[in-house]
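A short write-up of the structure that comes next.
No value in this document is a laboratory result; all are computed from the given coordinates. It should be emphasised that the depicted structure is a prediction, and the values quoted were computed from it without experimental measurement. Cβ placement follows ideal geometry from the backbone for every residue including glycine, while neighbour counts extend to all protein chains displayed.
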Amino acid sequence: MLQKFFKNKNISNKLKLRLKNTIIDKALTYASETWILSKRDRKQMNIFERTVFRRILGPIYDKEKENWKVLTDKEIYAIVKNPAITETIRLDRLRWFRYVQRVEGNRIPKEYYI
């Protein structure tokens with residue numbers, strides 16, 4: 001369903017990016033504070049995210065070379081101006097850890113995680 005939406009040229013990229021941030025990112029990072037991510041998991045999540053961005057942004061026309069090209073990873077993040085999904089997960093995990101540190105000693109998160 002979202003693939004057709006992301007390929008639609010009549011919908012602005014700004015709206016598509018907002019939809020990605022509200023639906024895909026929230027579903028992808030649900031309860032990510034408690035995950036243990038391996039290097040392979042992080043790599044696959046970043047690949048998935050860049051694939052979605054490439055589908056949203058599409059190829060761009062290079063006037064110098066007079067052809068279409070696919071955006072590189074650096075170009076994608078320069079256009080989007082958001083951190084990678086794995087960086088968001090890392091920050092969520094740090095926020096969760098700070099919360100657990102502040103919690104009183106007899107509460108479940110403190111007993112379970114520390």
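Put simply, the convex hull of the Cα atoms in the chain casts, on average, a shadow of 9.3 nm². When you count the other C-beta atoms within 10 angstrom of each residue and take the mean per peptide, 18-30, 48-60 line up highest first as 48-60, 18-30. Please find the FRET efficiency linking residue 65 to residue 39, where r is the Cβ-Cβ separation and R0 is fixed at 41 Å, and quote it to the nearest 0.05. So the FRET efficiency works out to roughly 0.70.
Normalising by the residue count of the chain, find the relative contact order in percent from Cα pairs under 8 Å and 6+ residues apart. Rounded, it is 26 percent for the chain. At an R0 of 35 angstrom, the distance between the Cβ atoms of residue 79 and residue 102 translates into a FRET efficiency of 0.40. The sum of -39500 (n - 2.57) across all DSSP H runs of n ≥ 4, divided by the residue count of the chain, sets its helix-only mean residue ellipticity at 222 nm to -17500 deg cm²/dmol.
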